[in-house]
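Take a look at the structure set out below.
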Amino acid sequence: MLKVGLTGGIASGKSAVGEMFVAVGAQLIQADQIAHELMEPGQPIYQEVVQHFGTAILNPDGTINRARLAELAFGSGSEAGSEKAGSRIEELNRIVHPAVIQRQNRWMEDVGRSDPQAIAIVEAALILEAGADKSLDRLIVVTCRPEQRIQRWESRVGQDRGTAKREVLRRVAAQFPDEVKIKAADYVIDNSGSLEETRKQVEEVFRKLKSEANDQRPTTND
């Protein structure tokens, strides 16, 4: 089995690329979805997050309002990208990342037992930032043009252009720049063009990954 990380900056198109990998035969888990599940009431990190960030992050039904939590963690307005905002992001990451990585590793072990030649992909925005790349065999980075991030975020969440730009910039400030991610990558997928262009890149990368996974297959001597 090949353990693969799929990462990239905010609104680069990681999820769309992840879906394309699944369509050609990869297995995939999303770190964001794991974190969402782990922050449900009664789950391991729920109480710790509430203790650190306060009950103001809760919805009336007791669930965590992720938009409010993000606002507190990333900062807003003049706080975005500041030392204060940075410390709160680190605080949240220290709570969430270990539990998410533990769940990811358990998932990959399960995949490996059921299919030794599988391509198991973890999609996460902060693979490098969290140090999760150390347990992976390969790293794929998705990129696009900076202005596309803003356009895509605006379309995704229905914000106006100015608000979308501020949101993207404050989240970008909490991530490694693309230059750093690309340097660490085994494969880079440029998602600046059409979906068909991106799909062709995904298919080519998957062929290479599958070949690597097959090369790991144990051989027997007669």
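In table form, for the structure just shown:
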quantity	calculated
Those residues of the stretch 16-44 which are buried (at least 17 other Cβ atoms within 10 Å of the Cβ) and small (Gly, Ala, Ser), in sequence order	Gly18, Ala26, Ala31, Ala35
Within the stretch 20-61, considering residues that are part of a helix (DSSP H, G or I) and small (Gly, Ala, Ser), the one nearest to the chain's Cα centre (by Cα)	Ala31
Test: residue in the stretch 199-220 that is in contact with a Lys or Arg (Cβ under 9 Å, 6 or more places away or on another chain) and within 25 Å of Arg94 (Cβ to Cβ)	no
Helices (runs of 4 or more DSSP H) contained in the stretch 69-181 and holding at least 1 residues hydrophobic (A, V, I, L, M, F, W, C), more than 14 Å from the chain's Cα centre (by Cα) and at pLDDT 95 or above	83-114
Selected residue (only one of Arg161, Arg152 is exposed (fewer than 13 other Cβ atoms within 10 Å of the Cβ) and basic (Lys, Arg))	Arg161
Matching entry among Gly13, Gly25 (being touching a residue at least 24 places away in the same chain (Cβ under 8 Å), in contact with a Ser or Thr (Cβ under 9 Å, 6 or more places away or on another chain) and closer than 16 Å to Glu123 by Cα)	Gly13
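Each row is one residue, and each column tells you yes or no for (1) closer than 22 Å to Asp186 by Cβ; (2) in contact with an Asp or Glu (Cβ under 6 Å, 6 or more places away or on another chain).
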| residue | (1), (2) |
| --- | --- |
| Met1 | yes, no |
| Ala11 | no, no |
| Lys14 | yes, yes |
| Val17 | yes, no |
| Val22 | yes, no |
| Ala26 | yes, no |
| Gln33 | no, no |
| Met39 | no, no |
| Gly42 | no, no |
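The values are calculated or read from the model by the stated rules, or taken from the named source; none is laboratory data. From a predicted model like this one, the values you see are computed outputs, not experimental measurements. We place every Cβ from the backbone using ideal geometry, glycine too, and count neighbours over all the protein chains shown.
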